[in-house]
Amino acid sequence: VQLQASGGGLVQAGGSLRLSCVASGRASSVYAMGWFRQAPGKDYDFVAAIMWGGDTTSYADSVKGRFTISRDNRRNTVSLQMNSLKPEDTAVYYCAADKTPRAPGRARPDYDYWGQGTQVTVSS
């Protein structure tokens, strides 16, 4: 499975961005998709995840109510709508795919495939 993330950019605080991640290859083997982020000098943080075949979602407390994860199975795409962005949301955002049939994970080892990352910068 190959993952291609896009949609990052520079936005002012309070603004919005929409990230997308397209899965190719054996996308049918994917059970869940997630987004993680890594700020400069920090470890990866879980952001959100969604089941590929259902509506189960999971969010980090820091983004709950501001970010929305969604999927389009026909296009093998998962999106992350980010509203009310804050400077602390600045990070490289990575999409990831899990091939194990289980609820969406919140840890890096839960995911088998990773995209290349897209930079999100929120200015104050």
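Remark on the chain: ratio of C-alpha radius of gyration to 2.2 N^0.38 Å is 0.97. Just want the answer: with Cβ charges of +1 for Lys and Arg and -1 for Asp and Glu, which residue in Gly54, Gly65, Thr77 is farthest toward the dipole's positive end in segment 45-87? Ranked along the dipole, the leading option is Thr77. Each residue of segment 3-16 was assigned a 3J(HN,Hα) from its phi angle through the Karplus expression (A = 6.51, B = -1.76, C = 1.60, θ = phi - 60°), giving 10, 10, 9, 7, x, x, x, 10, 9, 7, 4, x, x, 10 Hz with x at Gly and Pro.
When Trp52, Trp114, Trp35 are compared by accessible area of protein heavy atoms, the largest-first order is Trp114, Trp52, Trp35, using a 1.4 Å probe. Spin-label model, Lys64/Thr100: points 7 Å from Cα along the beta carbon direction are separated by 2.4 nm. The Cβ shell under 12 Å around Ser58 holds other residues with a net charge of -1, Lys and Arg each +1, Asp and Glu each -1.
Dipole size of the chain about its Cα centre, with +1 on Lys/Arg Cβ and -1 on Asp/Glu Cβ: approximately 220 debye, rounded to the nearest 20. Potential lengthening of the chain between Glu88 and Arg74 amounts to 1.7 nm, from the contour at 0.36 nm per residue minus the alpha-carbon distance. Considering only Ser28, Val92, Gln12, the residue lying farthest towards the positive end of the dipole of the chain is Ser28, judged by Cα position with unit charges set on Cβ. In the chain, what percent of the accessible surface is made up of carbon and sulfur (1.4 Å probe, ligands and nucleic acids excluded)? Answer for the chain is 46 percent, counting heavy atoms of protein chains only. Per residue, the accessible area of segment 31-107 comes to 47 Å², computed with a 1.4 Å probe over protein heavy atoms only.
The values are calculated or read from the model by the stated rules, or taken from the named source; none is laboratory data. The structure displayed is predicted, hence computed values, not measured ones. Every residue, glycine as well, gets a Cβ built from its backbone with ideal geometry; the counts of neighbours run over all protein chains shown. When the accessible area is computed, the model is the full protein with side chains, heavy atoms only, and any ligands, DNA or RNA have been set aside. Shrake-Rupley method; radii C 1.70, N 1.55, O 1.52, S 1.80 Å.
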